[in-house]
1. With only Lys, Arg, Asp and Glu charged, each at its Cβ (+1 for the first two, -1 for the last two), find how big the charge dipole of the range 55-112 is about the Cα centre; round to the nearest 20 debye.
2. What is the extension gain from ILE92 to ARG135, computed as 0.36 nm multiplied by their sequence separation minus the C-alpha to C-alpha distance, in nm to one decimal?
3. Using a 1.4 Å probe, what is the accessible area per residue for the range 74-218, in Å²?
4. Could you give the nm distance between label points at ARG200 and ARG116, where each point is 7 Å from its Cα heading toward the beta carbon?
5. List the equivalent ellipsoid semi-axes of the range 131-218 in whole Å, largest first, each obtained as the square root of 5λ for an eigenvalue λ of the Cα gyration tensor.
6. Just how many % of Cα pairs in the range 62-140 lie over 18 Å apart, if you round to the nearest whole percent?
7. Multiply the residue separation of THR104 and ARG53 by 0.36 nm, subtract the distance between their alpha-carbon atoms, and state the gained length in nm to one decimal.
8. Using a 1.4 Å probe on the protein heavy atoms only, what accessible surface does ASP143 show? Give it in Å² to the nearest 10.
Amino acid sequence: MALTAAGRQLLDDGQVLLATANATRRRVQRSVRGPYRLVVGFRAGVVITRTLRAFGAAHPDIEVKARRVEWDDQERLILDGTVDLAYLRRPIREQGLTLLPLFTETRVAMLPADHRLAGKRDLVRADLDGENWLRYINPGPDDVPIRSIEEKFEAVASGAGITLVPVSVAEQYSRPDIAYVPVTDAEPDEVLLVWEAARRSPLITAFARAAQGLRGQG
């Protein structure tokens with residue numbers, strides 16, 4: 001037995017609708033418990049301090065919290081109401097979400113410090129041909145999931161593979177056994193502000209406006 005095309009669409013849509021209903025319930029329960037709170041998610045390397053401070057100054061009655069999200073839960077945490085909106089990186093499963101592009105970043109190769117290319121000033125993608133790449137976005141059946149930047153460090157430093165990361169990650173996270181080298185022709189990494197498409201919240205609108213005004217500045 002297998003789902004028809006219509007059945008698959010119903011399943012996909014139903015999951016989004018269920019997540020939206022649960023998110024609404026969670027927000028109502030949260031508002032009953034006390035002051036309104038805005039929870040802002042962010043991916044590793046994305047600095048949101050200035051936007052949080054600017055929004056907090058304009059809305060002193062709103063409690064603003066930050067929570068790090070990972071590539072494999074970033075959409076779910078928005079749709080189920082755990083975070084109200086988030087700074088995400090592509091790839092993004094867009095169903096049920098509103099996406100506001102903010103800025104792009106160059107990407108660098110994360111290499112073991114003793115790698116043959118670790119001392120280079122910069123690289124092109126062709127220089128990395130034949131390298132073993134970490135497959136955490138599309139893992140094989142026997143691959144151990146890699147979710148966080150810390151897990152990437154361990155995998156790269158141990159020689160399991162290499163990967164590309166945004167330059168902001170290289171600026172914020174360093175280890176003596178890890179080297180970063182710019183890759184001049186790598187596709188830029190895009191950072192977007194994302195929230196549930198069905199939300200009609202003046203606070204989200206205000207935060208998005210603040211984020212646009214400070215795009216790329218944290």
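1. The calculated dipole for the range 55-112 is roughly 260 debye.
2. Net length gain for the segment: 13.8 nm.
3. 50
4. 6.1
5. Largest first, the range 131-218 gives 32, 18, 12 Å.
6. Result for the distance tail: 60 percent.
7. 16.1 nm
8. Here the residue's solvent-accessible area equals roughly 70 Å².
The values are calculated or read from the model by the stated rules, or taken from the named source; none is laboratory data. Remember, it's a predicted structure, so these values are computed and weren't measured experimentally. Because the Cβ atoms are built from the backbone with ideal geometry, glycine has one as well, and the counts that use them run over all protein chains shown. For the accessible areas, the whole protein counts, side chains as well, though only heavy atoms, and no ligand, DNA or RNA atoms are used. Shrake-Rupley method; radii C 1.70, N 1.55, O 1.52, S 1.80 Å.
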